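Beneath this line is the structure, given in C-alpha cells, with notes to follow.
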Amino acid sequence: MKKNMKKVIANLNGTQTEIIIGYSIYNMERPKDKENLTAIVDREKFLSRIFHLADPKPFWKEGVELRDSEGNLIEEGTPNVYVPCDTADTYTWFEVEGMLQNVEIHHYETLEEYGKVIGNSTLHSRKLNNVEAVGVASLASNNETYKAVHRIALKYNVPMNTAQLALDVKLKQADTIKLAMGMEVKGLPEVGRSVQDAETLLDAALCVFTEKELRSRYIISAINETLKKYDIPTVVEALEKIPASSITSYRISDCNGKTACLAMELTLFIEELKERKKAA
C-alpha cells in the first residue's frame, strides 16, 4: 500500500477512526466541477446525513479493484477500508466533511446483494447515468451481457449506446431497472459480438479516429454497416490502413448521413485494397 493513501476520519461506534474510502468501478461518478467548492462551503450549515459503507471483502473476493479518491490502488487485506454504498445525498460528500459522523457499516456476502441494495436505494433519488445503471444491474444480476456492456463503456470511455453497438446488442431500460432491483428478467439478449472482437474493432478505430470521435455512435454504426459485407479482419485492416486524407474528407464533407458516408469510405477503401492485392 502506498504511504500517501488518502484517508478520512469516521465516527465508528463512538470512536474517531482513520479509514480509507475504496471506490470501485461501480460507484457513482463524482462531479469534478464541485471540487473547488470544498474550501468555501460552511460545514456548520450542512444537513446531517447517513453515510453507508460496505465491507470490501466481496469486492476483493471477485477481483474488483478498489482505489482511493486519488486513484491509488488499495491492496487486498488493507485494514480499515470501506466501500461507499452510494446514495443521492452522500456520493459526493465522503471527502468533504471534516469527519463522517453518522456512519452505518454493512456486511454483504456477495456483490449481487450489494448491487441490489444500491439499485433499490437509488431508484427514487439521484438517477444513475446509463453506464452506472448498467454497472449496478450487472452486479445485481451477474448477467454476462450487462457485464460486457459495462466493461466496454468504461474501458473506452464511451456512452452506453456506443458500447452496445460495439457488442451488437440492445438493452432495454426497463430490464436494466428491474435487474438493478434484484428482479428476475427473462429473455435477456446475448451479445452478438464477443468482447474481444468488440475491443479489436474499437482499437482499430482509434488508429484513425480520436477518443472523442469514438464516443459518437456514427463511427461504430458505420463499422457495423461495413461488417454486413466484410468480415472483422478485413474491416480492421481497412481502419488501420485507410489514408488520413480519406477521413479528413469525411470530416469536412457536408454529409447528411454520417453513418452511410463513412461506411461508403470504408467500403471503397476495402475494394481498393482488394485490387492492390490482386495486382501484387
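The values are calculated or read from the model by the stated rules, or taken from the named source; none is laboratory data. Keep in mind that this is a model prediction, so the values were computed, not measured. We place every Cβ from the backbone using ideal geometry, glycine too, and count neighbours over all the protein chains shown. To get the accessible areas, we keep the full protein, side chains included, count just its heavy atoms, and leave off ligands, DNA and RNA. Shrake-Rupley method; radii C 1.70, N 1.55, O 1.52, S 1.80 Å.
A few notes on this one:
- Only one entry in 242, 219, 247, 223 is modelled with pLDDT under 95, under 17 Å from residue 164 (Cα atoms) and open to solvent by less than 30 Å² (accessible area, probe 1.4 Å), namely 219.
- Residue match in the stretch 78-95 (condition: among the hydrophobic types (A, V, I, L, M, F, W, C), assigned to a strand (DSSP E or B), farther than 24 Å from residue 129 by Cβ and in contact (Cβ under 8 Å) with a residue 12 or more places away in the chain): yes
- Meets criteria (surrounded by fewer than 22 Cβ atoms within 10 Å (Cβ to Cβ) and farther than 25 Å from residue 65 by Cβ) for residue 77: no
- Considering 229, 274, 258, the condition of being open to solvent by 80 Å² or more (accessible area, probe 1.4 Å) and at pLDDT 95 or above is satisfied by 229 alone.
- One residue stands out in the stretch 100-126 among those that are open to solvent by 50 Å² or more (accessible area, probe 1.4 Å) and touching a Pro at 6+ places or on another chain (Cβ under 7 Å): the one that is farthest from residue 59 (Cα to Cα), namely 109.
- Residue match in the stretch 98-115 (condition: in a loop (DSSP other than H, G, I, E, B), of a type outside the set (Asp, Glu) and within 22 Å of residue 157 (Cβ to Cβ)): no
- When residues of the stretch 182-210 are limited to those that are of a type in the set (D, E, K, R) and modelled with pLDDT under 95, the one surrounded by the most Cβ atoms within 10 Å (Cβ to Cβ): 184
- Identity of the residue in the stretch 48-72, within 19 Å of residue 6 (Cβ to Cβ) and free of Cβ contacts under 8 Å to residues at least 24 places away in the same chain, that ends up surrounded by the fewest Cβ atoms within 10 Å (Cβ to Cβ): 71
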